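Working notes, beginning with the structure itself.
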Amino acid sequence: MDVVRPEFLPTAGLSREEMESMQRDIASAAEFTDRHSLDPASVALSETPTDRETADGSGAGTEQATFASGDADGPVVVGVDQAFRDDESVSAAVAIRDGDLVERAAGRAPLALPYIPGLLSFREGSAIVDALASLSVDPDLLVFDGSGRIHFRQAGLAAHLGVVFDTPAVGVAKNLLCGTPAESLDDPLPAGTRVAIEADDSMDAPDGTVVGYAVQTRQYPNPETRHVNPLYVSPGHRVSAASTADFVEATCTGYKLPAPTRLADRYADDLR
DNA sequence: GCGACAG
DNA sequence: ATCTTGTCGC
């Protein structure tokens, strides 16, 4: 796929002020409303991927592999995950369509920045751009590991890369970066529960704006003894908060994480 | 000044 | 994210 907004590429060597300034521009360019051709039902078809096996030559730079599959009808959902190896960041992108692994790609880039809450996309963005740019399929939806609109300046990793490629994107995080749950999340929630995450004074958005949802995709039979934490999902680009929760829920089916994310996770480990 | 903080 | 074995519960 191609970079559509090169002015927003996560460049190395920017000052903190420049990165934060760019994030405000990215937030302005991001669309937190539905503008895509997907419905939860079609996305749900991308759930039971026939895990074909690894066996890739490795090397520096990007690598890309294509897998033969059936017909080209359903939407292409791409899961993206990051891993580290020494001083370089590795990005893994896995494309799924109609439950089949269609293609996967890897990207690498040296780690220029330390981890700074709120600036994650500048630390791992280059490797992700590398991986996505080498994909030959055109994704209908990008599923990122990390926040989208749930971010101090409404420009989390999912929003940043969604805007760079002008492609529908959602962010899936295991922890909450900022914002306030509309209801307490202290007690275990039943599977299927979703609680709105509202903007608070630590964010740019008007107080109370629903910037995402805590989604309980899975839960154990007896949460009293052992429980699963919810996922924190938020719009990246061209997807509303409600649709984001719908898509994520549709791709989890019995697991805590979306299938595209699980596959990207596994591929990232293989690369590392 | 104090506290909070995706991966 | 990463460093790491066994262990508890379904």
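What follows is calculated from the coordinates using simple rules that are stated; it is not laboratory data. Predicted, not measured: the structure shown is a model, and the values here were computed from it. Glycine also receives a Cβ, built like all others from the backbone with ideal geometry; neighbour counts cover every protein chain displayed.
Couple of notes before you dig in:
- Beta bridges assigned by DSSP with both partners in chain A are antiparallel in approximately 85 percent of cases.
- Calculated P(r) tail over 18 Å for region A:156-268, as whole % of Cα pairs: 52 percent
- Note on A:V3/A:Y255: beta-carbon distance plugged into 1/(1 + (r/R0)^6) with R0 of 30 Å gives a FRET efficiency of 0.40.
- Using only the C-alpha atoms, the convex hull of region A:98-185 corresponds to 124 Å³ per residue.
- Spin-label model, A:S240/A:S136: points 7 Å from Cα along the beta carbon direction are separated by 3.8 nm.
- Exposed loop sites were defined as GluC sites (Glu not before Pro) in DSSP loop states (anything but H, G, I, E or B) carrying at most 12 other C-beta atoms within 10 Å; in chain A the longest segment without such a site runs A:54-182.
- Region A:15-271 - percent relative contact order, Cα under 8 Å, separation 6 or more: 23 percent
- With the convex hull of the Cα atoms taken as the outline of region A:155-199, the averaged projected area works out to 4.0 nm².
- Applying a DSSP loop filter and a limit of 15 other Cβ atoms within 10 Å to the chymotrypsin sites (Phe, Trp or Tyr not before Pro) in region A:115-181 leaves A:Y115.
- Sum of -39500 (n - 2.57) over DSSP H runs of 4+, divided by residues of chain A (222 nm, nearest 500): -7500 deg cm²/dmol
- Extent along principal axes [Cα atoms of region A:15-271; Å; largest to smallest]: 48, 48, 37
- A:D25-A:Y115 pseudo-label distance in nm [points 7 Å out on the Cα-to-Cβ vector]: 2.9 nm
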